[in-house]
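Written below as structure tokens is the structure these notes are about.
The values are calculated or read from the model by the stated rules, or taken from the named source; none is laboratory data. In this text the structure is predicted, and so the values were computed from the model without any measurement. Cβ placement follows ideal geometry from the backbone for every residue including glycine, while neighbour counts extend to all protein chains displayed.
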Ligand code: PGA
């Protein structure tokens with residue numbers, strides 16, 4: 001039985017005070033014995049303080065990206081080793097905003113993924129198609145290519161210590177969620193593709209859905225057999241909404 005995981009991706013929102021306030025409200029509302037594992041990914045600069053505030057809690061700390069190198073002349077990058085120093089456990093890689101706005105290729109994403117794993121961070125590998133790709137029936141080609149880049153670099157065994165997030169680009173921040181059937185179709189396709197390489201890893205792999213998950217659609221999405229939780233953007237910035245989503249998982 002796979003555990004559910006719900007991760008808040010705060011993106012480039014808030015400020016110091018708001019980040020700590022949001023976290024405080026989340027911790028107060030989560031209570032004991034939540035069924036799902038929960039994580040938060042604040043902007044890099046707030047990781048130390050958010051990490052400190054998480055001391056003693058089971059909420060996981062994650063970064064929104066991670067460098068493909070350990071150290072050196074890589075202006076603007078933050079390495080897995082640095083993130084580990086501040087207690088990070090998760091690292092989002094390949095978010096569509098990184099791929100599409102900042103031009104990160106699948107090869108670069110795979111290198112970031114491999115670095116996260118090498119230093120003991122759990123990568124959350126984001127994959128997903130644009131609206132144009134879906135409408136031209138290329139969803140599985142695109143998602144397959146994004147997945148294969150990582151499999152070629154790090155091998156299928158790496159997925160034993162990783163999480164995948166299927167995030168259709170057309171559903172991110174648009175209020176337009178994939179239907180439960182649309183999401184389940186892609187999740188089961190991803191799982192089947194991995195099962196061809198390693199059935200055990202495929203069976204235990206957590207595949208999250210992301211893209212306009214809200215309190216009113218979370219339970220239905222999470223009830224699908226191959227959806228193991230969510231990567232939550234906008235709704236993770238409001239403690240009540242995020243808590244409702246966590247409690248639906
Ligand atoms: P959204 O973002 O929930 O605001 O659609 C999801 C994501 O980008 O991870």
* To do: Take the residues in region 75-93 that are buried (at least 19 other Cβ atoms within 10 Å of the Cβ) and within 13 Å of the chain's Cα centre (by Cα), then tell me which one is nearest to the ligand (Cβ to nearest atom).
  => 92
* Just to be sure, is residue 62 on the phi < 0 side of the Ramachandran plot and out of contact with any helix residue (DSSP H, G or I) (no Cβ under 8 Å at 6 or more places or on another chain)? -> yes
* To do: Mind listing just one residue for me: the one in region 236-246 that is surrounded by fewer than 20 Cβ atoms within 10 Å (Cβ to Cβ) and in contact with a strand residue (DSSP E or B) (Cβ under 9 Å, 6 or more places away or on another chain) and, of those, farthest from residue 94 (Cα to Cα)?
  => 241
* Look at residue 18 and say whether it is more than 13 Å from the chain's Cα centre (by Cα) and modelled with pLDDT of 95 or more. => yes
* Could you run through region 159-185 and say how many residues are touching a helix residue (DSSP H, G or I) at 6+ places or on another chain (Cβ under 8 Å) and either within 15 Å of the ligand (Cβ to nearest atom) or more than 24 Å from residue 122 (Cβ to Cβ) (or both)? => 13
* Asked: Tell me, which strands (runs of 3 or more DSSP E) lie completely within region 1-74 with 1 or more residues that are more than 16 Å from the ligand (Cβ to nearest atom)?
  -> 37-41, 60-63
* Asked: With region 94-152 as the region, which helices (runs of 4 or more DSSP H) entirely inside it contain at least 1 residues that are more than 16 Å from the ligand (Cβ to nearest atom) and in contact with a helix residue (DSSP H, G or I) (Cβ under 9 Å, 6 or more places away or on another chain)?
  -> 106-118, 131-135
* Out of the residues in region 221-235 that are within 16 Å of the chain's Cα centre (by Cα) and away from the ligand (no atom under 11 Å from the Cβ), state the one that is surrounded by the most Cβ atoms within 10 Å (Cβ to Cβ). => 229
* **Residue that is surrounded by the most Cβ atoms within 10 Å (Cβ to Cβ) [pool: residues in region 198-215 that are away from the ligand (no atom under 14 Å from the Cβ) and assigned to a loop (DSSP other than H, G, I, E, B)]** => 205
* Asked: Across region 199-223, what is the total count of residues that are at positive phi and touching a residue at least 60 places away in the same chain (Cβ under 8 Å)?
  -> 1
* Asked: Among the residues of region 28-36, is there at least one that is under 18 Å from the mean Cα position of the chain (by Cα) and closer than 20 Å to residue 117 by Cα?
  -> no
* Asked: Across region 163-196, what is the number of residues that are at pLDDT 95 or above, outside any helix (DSSP H, G or I) and surrounded by 21 or more Cβ atoms within 10 Å (Cβ to Cβ)?
  -> 6
* Asked: Can we say residue 218 is crowded, with 21+ Cβ neighbours inside 10 Å, within 14 Å of the ligand (Cβ to nearest atom), over 21 Å from residue 30 (Cα atoms) and under 18 Å from the mean Cα position of the chain (by Cα)?
  -> no
* Asked: Does region 113-132 contain any residue that is over 30 Å from residue 71 (Cβ atoms), free of Cβ contacts under 8 Å to residues at least 12 places away in the same chain and more than 15 Å from the chain's Cα centre (by Cα)?
  -> yes
